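First comes the structure, then the notes that go with it.
FYI, it's all coordinate maths here, none of it is from the lab. Note that the coordinates shown come from a computational prediction; the quantities given were computed from them, not determined experimentally. Here the Cβ is made from the backbone with ideal geometry for all residues, glycine too, and neighbour counts use every protein chain on show.
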Amino acid sequence: MCGIIGCAGRGDDTLDVLLSGLEGLEYRGYDSAGVALANGDLSVCKREGEIQRLQQAVGSDLDGPVGIGHTRWSTHGPPSDQNAHPHTDCAGDVAVVHNGIVENYADLRAELTDRGHEFESETDTEVVPHLIEEELADGKDFEDAFRAAVGRLEGSYALAAVTRGSEAILATRRDSPLVVGVGDDAAYLASDVPAFLDYTDRVVYLEDGEFARLESGSWTVTDAEGRLLEKSVSRVEWDAEETAKSGYDHYMLKEIHEQPRALRKCLRGRVDELTGTVDVESLAGLNPSSVQFVACGTSYHAALFGAQALREAGVHAQAFLASEYATSPAPVTDDTLVVGITQSGETADTLAALREAHRRGVETLAMTNVVGSTAARECDRELMIRAGPEIGVAATKTFSSQVVAANLLSAAIAERSDGREVVEALRDLPGQVQELLDSSRAKQVAREFVDSEGYFFLGRGYHHPVALEGALKLKEITYKHAEGFPAGELKHGPLALVTEETPVFAVVTGAGEKATKTVGNVKEVEARDAPVVAVTDGASDVKRYADAVLEVPETHPRVAPVLANVQLQLVAYHVADELGRSIDKPRNLAKSVTVE
Ligand code: F6R
């Protein structure tokens, strides 16, 4: 949510670096964007709307050796030129970009207004440059003024500031990510690594309460009192190619097609096919008596899967929506493990739930895609899903990798009699996903049902999370109404909504009791004349009641959800494409939600 970029030491192309960095961050917010460049002077340009509008608006007067930029996802004040960042002080000498929420901004604004400051926006952020302005007027230098202003803030923030007459960028963070990029001659700053990956893969992760100073190719990190800190420089494994569209129309489609590779990476070196065992170093010695998963959105659906897999193996396990867990935590014992599933590792709700668990003294594990993310750093253990960068706002490949990682976690915690079969199924999974991608009829199905007003998704057991995820994907990128249900629940109410205008996607694999029961539920909707799309491996007789079929290869029940879900990702994608939606940047959404 909101993206920050900064660059010091590039010379003439600072503006280009900022603008291309903002493009790389657009998935974090796209309501408005802006840049500020400083040298002897300070110039600011900002526009409501997508980055292209800013690119058209920037003039030749915008230059300087240091600059900051921002792409916004609105929290305080609607999208507008005025509310776009950077925000400046009364004199236009200080420019600030900010992610997060300044919780005490109303008090600060009232105080500053009383002292004669004039505000141009409705944002919480604008108090920051005015606070810095006062500290500068008191005789402090830029760095001391920045530190003093930050000391007045309550809430969460990643902040960066530049000022007229200085060639430094100052930055700090609390509960919002910020990373320094170390180039040969230049230093970079961003809320997310892809923003500067074209220029460097060497990074320094800032911790809460730390301050960074970037100047013409040099950087330092200090603590709140200004003491110099020794920070290690790490190398990120992602490369710039992975964050490009590579010929696909949308990142989402590219990422759907990257799944075979992502899954191979997730499994590499972690499973022994001969013994059927799982060996993940970071999970060694885990032996919890109960497991609580906390997650949001798509990651919550993976958590539902993980909890079910563990319960089936005899371990007490539950999945909680992180936003609820933080306010109403479930009881824990000394050997409870709390697992946060979070692609970004930065979702505020999930971090709050993990911190609550930490506060209560239980062991925490971050299952995440982002090395060095807040969740990875704050938890006792980490399980990287290794899906590679995901730019499309709608999560696709990361869900598949989370389900696979949840299988690894379950195997590491509880030995099961079918361990070898699961490992074999996981080994075959990347190839099966490829097979499915090559042959899917999802595009035809999407065309057939594109005009429907509502869509339902049914699944039982491990396919319940798939039904929820299928519906979430469809609604977030098509803006159509969609609901997912446990198959058996439909008759307890939602069936009233089923008509001949509402396609029902039924996920049924295998031929056991669960499948038979779900086929029974399919008959109930078919009897109400609803069109049925069966997502199936053909083992049951569900096809007899279906108007269309999306085939998935046969596999183990704990792996089948990944395959079924890929078909539903493609359906959502193609419906959205038919409707001409903004697939990679759906309205009102942002990739990483860093406010509670
Ligand atoms: C949906 C989607 C969101 C995220 C949710 C959690 O496609 O992407 O629902 O899954 O915001 O994000 P992470 O996994 O980064 O914690």
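Would you compute, from DSSP H runs of 4+ residues alone, the mean residue ellipticity of the chain at 222 nm, taking -39500 (n - 2.57) per run and dividing by the full residue count, rounded to the nearest 500? Don't skip to the answer; put the middle values down first.
On the way: 17 runs with 198 residues, N = 596.
Helices in the chain give a 222 nm mean residue ellipticity of -10000 deg cm²/dmol.
List Met367, Met384, Met252 from most exposed to least, where exposure is judged by having the fewest other Cβ atoms within 10 Å. List each step's numbers first, then the result.
On the way: Met367 30, Met384 21, Met252 27.
Going from sparsest to densest Cβ surroundings: Met384, Met252, Met367.
Select from segment 86-173 those GluC sites (Glu not before Pro) which occupy a DSSP coil region and have at most 14 other Cβ atoms within 10 Å, ordered by residue number. Intermediate values should be presented prior to the final figure.
Numbers: sites: Glu103, Glu111, Glu118, Glu120, Glu122, Glu126, Glu133, Glu134, Glu135, Glu143, Glu154, Glu167; in loops: Glu103, Glu118, Glu120, Glu122, Glu126, Glu154, Glu167.
For GluC sites (Glu not before Pro) across segment 86-173 that sit outside H, G, I, E and B with at most 14 neighbouring Cβ atoms in 10 Å, the list reads Glu103, Glu118, Glu120, Glu122, Glu154.
Just to confirm a number: summing +1 for Lys and Arg and -1 for Asp and Glu over residues other than Val96 whose beta-carbon lies under 9 angstrom from that of Val96, what do you get? Please report the intermediate quantities before stating the final value.
On the way: positive: none; negative: Asp89, Glu126.
Result for the neighbourhood of Val96: -2.
How large is the charge dipole for the chain, taken about the Cα centre, if only the Cβ atoms of Lys, Arg (+1) and Asp, Glu (-1) carry charge, to the nearest 20 debye? Each step should come with its number before you reach the end.
On the way: 56 positive and 97 negative charges, 408 e Å.
Here the size comes out at about 1960 debye.
Using modelled backbone amide H atoms (1.01 Å from N, in-plane), which distant-in-sequence or interchain residues come within less than 5 Å of Val339's amide H?
Gln292, Phe293, Val294, Leu365
I'd like the distance separating the alpha-carbon centroids of segment 536-580 and segment 280-321, in whole Å.
Taking the Cα centre of each part, segment 536-580 and segment 280-321 sit 25 Å apart.
Give, in nm to one decimal, the length gained when the segment between Arg427 and Arg261 is fully stretched (0.36 nm per residue of separation minus the Cα-Cα distance). Before the final figure, lay out the partial values.
Working: separation 166, 0.36 × 166 = 59.76 nm, distance 1.21 nm.
Full extension of this stretch gives 58.6 nm more.
Can you work out the FRET efficiency for the pair Ser328 and Arg420, with r the C-beta to C-beta distance and R0 = 56 Å, to the nearest 0.05?
On the way: r = 40 Å, r/R0 = 0.71.
So the FRET efficiency works out to roughly 0.90.
Separation between the Glu154 and Ala240 pseudo-spin-labels, each 7 Å from Cα along Cα→Cβ, expressed in nm?
The answer from the label model is 4.5 nm.
Which value, in Å to one decimal place, does the Kirkwood hydrodynamic radius take for segment 419-458 when every pair of different Cα atoms is included?
Working: mean 1/r = 0.0783 Å⁻¹.
The Cα-based Kirkwood calculation yields 12.8 Å.
Give a residue-ordered list of calculated ³J(HN,Hα) values for segment 55-60 (Karplus: 6.51 cos²θ - 1.76 cosθ + 1.60, θ = phi - 60°; whole Hz; x for Gly, Pro).
My calculation for segment 55-60 gives 4, 5, 8, 5, x, 6 Hz in order.
Lys and Arg at +1, Asp and Glu at -1: add these up for the other residues within a Cβ distance under 13 Å of Val332 and post the number.
Numbers: positive: Arg359, Arg360; negative: Asp334, Asp335, Glu356, Glu363.
Result for the local shell: -2.
Just grab the label-to-label distance for Ala106 and Tyr479, each label 7 Å out from Cα along the Cβ direction, in nm (one decimal).
So the label points at Ala106 and Tyr479 sit 3.2 nm apart.
Can you compute the FRET efficiency between Asp335 and Glu207 using 1/(1 + (r/R0)^6), with r the Cβ-Cβ distance and R0 = 30 Å? Round to the nearest 0.05. Each step should come with its number before you reach the end.
On the way: r = 29 Å, r/R0 = 0.96.
Result of the calculation: an efficiency of 0.55.
What residues have an amide H closer than 5 Å to that of Phe457, excluding those fewer than 5 places away on the same chain, when H is modeled at 1.01 Å from N in the peptide plane?
Glu483, Gly484, Phe485, Phe505
Report the dimensions of segment 92-213 along its three principal axes from the alpha-carbon atoms, largest first, rounded to Å.
46, 29, 23
Between beta-carbons, use under 14 Å as the cut-off and find the net charge around Asp81, counting Lys and Arg +1, Asp and Glu -1. Intermediate results must be reported in sequence, preceding the final value.
Numbers: positive: Lys46, Arg47, Arg53, Arg72; negative: Asp31, Glu48, Glu50, Glu120, Glu122, Glu126.
Taking every other residue near Asp81 into account, the sum is -2.
Provide the gained length on full extension for the span Arg53 to Lys523, in nm with one decimal, where the gain is 0.36 nm per separating residue minus the Cα-Cα distance.
Values: separation 470, 0.36 × 470 = 169.20 nm, distance 5.17 nm.
Roughly 164.0 nm would be gained on extension.
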